[in-house]
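Heads up, the thing below is written out as structure tokens.
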Amino acid sequence: MDKINIAVLGPGKIARRFVNGKSEYVNYYAVCGRNPDKTKKFAEDNGIDIYYSIEECLNDDNVDAVYISTPNPTHYELTKLCLNHHKHVLCEKPFVGTKEECNELYDLAKDKGLMLMEADKQLFLPLTQKIKEILDNKIIGDVKYMNGYYCDNRESKDIFQKDHWVFEEKTGGAIRDIGIYPIAYFNYLNNWEIEEVNTVSRYLHGVDCFSITEIRYKNGVFSTSVSGFDIDLPKGCDIYGTLGHIHIDNFWKTGKASIYLNTSETIELNEEMISDFKYETDHFALCIKKSLNESPVIGRNESLKLIDIFESAKKHKSTD
């Protein structure tokens, strides 16, 4: 099976982990970045080709697909540019800022016969598939509540400078940048069947720096997702059922979980974890090989639902 040649746009920390993802279906072919020194080092460290011009990269016929790992505000324009150069696109979360942009890009991908996907890696982990199987088989009984935390105190870091991209109003904020991890995870486990959403937030420089998002699903399950830049909390999630509960530390990048049954029995899960980026990359590449325009796991409708949740938070916006 021929491998998919992927070029990386943006030689940052996430991109380094992506190219070390060890997917057997792709060839990590090239990197493109604006900073010559940073881009050169990235290419040398990973043994891949280098481009300093995005046009030069996208005009290379050997590039089949592009992984976009640049700051959130650039996602829309870069995705559109890549699609118009007939490249499949895997774009880091959060995808784009508005439903109009999302629909436009998915329409463009479909029109050009290209694959487009938002990168939410936690949905593709072997552990996630095992958890879904456990819930479907009612090992912990009827699920009632899910609770997830992803908070990282960044007050001492440059992210708290007002000109940082995380404070861009349309695509910034804690809920989009890190709250998306538990929110998308719980949406997936509940088949994306959302009944009601409510978010309360604390704001800084016009965007949320701490948010609590409550979702009620059509199956009766409630979830709470907590995200923030100004406080540290344990990173993980718990899933509660009538017969026990599941605890997972760092659920977006692990193969381990513990099941605590009401009978006092504990079951330890230890699923395959080669790389947290491998499994979404495998899925993306296989979708290309199947000539799909979107993922059956997270496609247009799922990205639109995430944007709806992010937008609902703004309705309750308070002053800084």
Which one is surrounded by the fewest Cβ atoms within 10 Å (Cβ to Cβ) among residues in the stretch 170-195 that are over 27 Å from residue 133 (Cβ atoms) and in contact with a strand residue (DSSP E or B) (Cβ under 6 Å, 6 or more places away or on another chain)? 172
Cross-chain or 6+ apart pairs with Cβ under 6 Å, the stretch 243-263 first and more than 18 Å from residue 188 (Cα to Cα), then of a type in the set (D, E, K, R) and open to solvent by 50 Å² or more (accessible area, probe 1.4 Å): 258/268
Of all residues being at pLDDT 95 or above and assigned to a loop (DSSP other than H, G, I, E, B) in the stretch 137-154, which is nearest to residue 235 (Cα to Cα)? Just the residue, please. 140
Hey, does the stretch 24-34 have a residue that's at pLDDT 95 or above, of a type in the set (Gly, Ala, Ser) and buried (at least 17 other Cβ atoms within 10 Å of the Cβ)? yes
Got at least one residue in the stretch 80-90 being open to solvent by less than 40 Å² (accessible area, probe 1.4 Å), β-branched (Val, Ile, Thr) and not in a strand (DSSP E or B)? no
Which of the strands (runs of 3 or more DSSP E) contained wholly in the stretch 164-254 include at least 3 residues that are touching a Pro at 6+ places or on another chain (Cβ under 7 Å) and hydroxyl-bearing (Ser, Thr, Tyr)? none
Among residues of the stretch 242-260, those that are over 21 Å from residue 183 (Cβ atoms), hydrophobic (A, V, I, L, M, F, W, C) and open to solvent by less than 30 Å² (accessible area, probe 1.4 Å), counted: 1
Going by the conditions given, is residue 2 under 23 Å from residue 279 (Cβ atoms) and not hydroxyl-bearing (Ser, Thr, Tyr)? yes
Here are some conditions: (1) modelled with pLDDT of 95 or more; (2) surrounded by 17 or more Cβ atoms within 10 Å (Cβ to Cβ); (3) over 18 Å from the mean Cα position of the chain (by Cα). Residue 227 meets all but one. Which one does it not meet? (3)
Report yes if residue 265 is more than 19 Å from residue 139 (Cβ to Cβ), open to solvent by 70 Å² or more (accessible area, probe 1.4 Å) and acidic (Asp, Glu), otherwise no. no
I'm trying to understand the selection: among the residues of the stretch 43-77, which are in a helix (DSSP H, G or I) and farther than 19 Å from residue 26 by Cβ? 44, 54, 55, 56, 72, 73, 74, 75, 76, 77
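The values are calculated or read from the model by the stated rules, or taken from the named source; none is laboratory data. Model, not experiment: these values are computed from the prediction. Note that we place each Cβ from the backbone using ideal geometry, even for glycine, and neighbour counts take in every protein chain shown. Just so you know, the surface numbers come from the protein's heavy atoms only, side chains and all, with ligands and any DNA or RNA stripped out. Shrake-Rupley method; radii C 1.70, N 1.55, O 1.52, S 1.80 Å.
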